[in-house]
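Each value in this text was obtained by applying a stated rule to the coordinates, not by laboratory testing. Here the structure is a predicted model, which is why all the values come from computation and not from measurement. Methodologically, a virtual Cβ is constructed for each residue, glycine included, from the backbone with ideal geometry; neighbour enumeration extends over all protein chains shown.
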Amino acid sequence: MSLQHSEVIRLDLPARHAYLHLLSETIAELLRQIGAFDEALVYNVQLAAHEVCTNIVSHAYRNRRAGEGRIAITLALHPQPLRLEIELQDTGESFDPELVPQPNLSEAQIHGYGMFLIRHLMDRVSYTTRPDGNHWHLMKRLA
């Protein structure tokens, strides 16, 4: 399929791990619409978005009851240049991504790879805190 116009999908998910598969499935289907059969590409984008959401649930909403927060997600597939942009917004606690330490890749560790993966799997990653909440922007070039 040749993409002539931007395709935009919006999700509003409860901030619970149980719903994150909906985001992964939506990413896969959106990329299949343009004939992206590179499973590694699909998986990498899914993993980066899933890591952001996992961090939102586990950290931004850590002081709230399960399911109390929400994650507003916009997925936009743009034709020129062909790219996928993912925006995620939450109203949880903010943080400074520059203070997140790099994982020690020479030693096994259980946690601490999230930001590293997000930054390395996507072509552009930004995080900003605004009066209405936290805002993530992820971009992956597809051509």
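When we screen LEU84, LEU3, LEU31, LEU20 for residues that are surrounded by 14 or more Cβ atoms within 10 Å (Cβ to Cβ) and touching a His at 6+ places or on another chain (Cβ under 7 Å), the only hit is LEU20. How many residues are within 18 Å of SER58 (Cβ to Cβ), hydrophobic (A, V, I, L, M, F, W, C) and more than 16 Å from the chain's Cα centre (by Cα) when one looks only at the stretch 96-143? Total meeting the criteria: 3.
Of all the numbered requirements in (1) surrounded by fewer than 18 Cβ atoms within 10 Å (Cβ to Cβ); (2) under 18 Å from ILE118 (Cα atoms); (3) without any contact (Cβ under 8 Å) to a residue 60 or more places away in the chain, THR54 misses one, and that requirement is (3). From the list ALA40, ALA60, the one residue that fits, being touching a strand residue (DSSP E or B) at 6+ places or on another chain (Cβ under 9 Å) and not charged (D, E, K, R), is ALA60. Within the stretch 99-141, being of a type in the set (Lys, Arg), free of Cβ contacts under 8 Å to residues at least 60 places away in the same chain and more than 14 Å from VAL52 (Cα to Cα) holds for one residue alone: ARG130.
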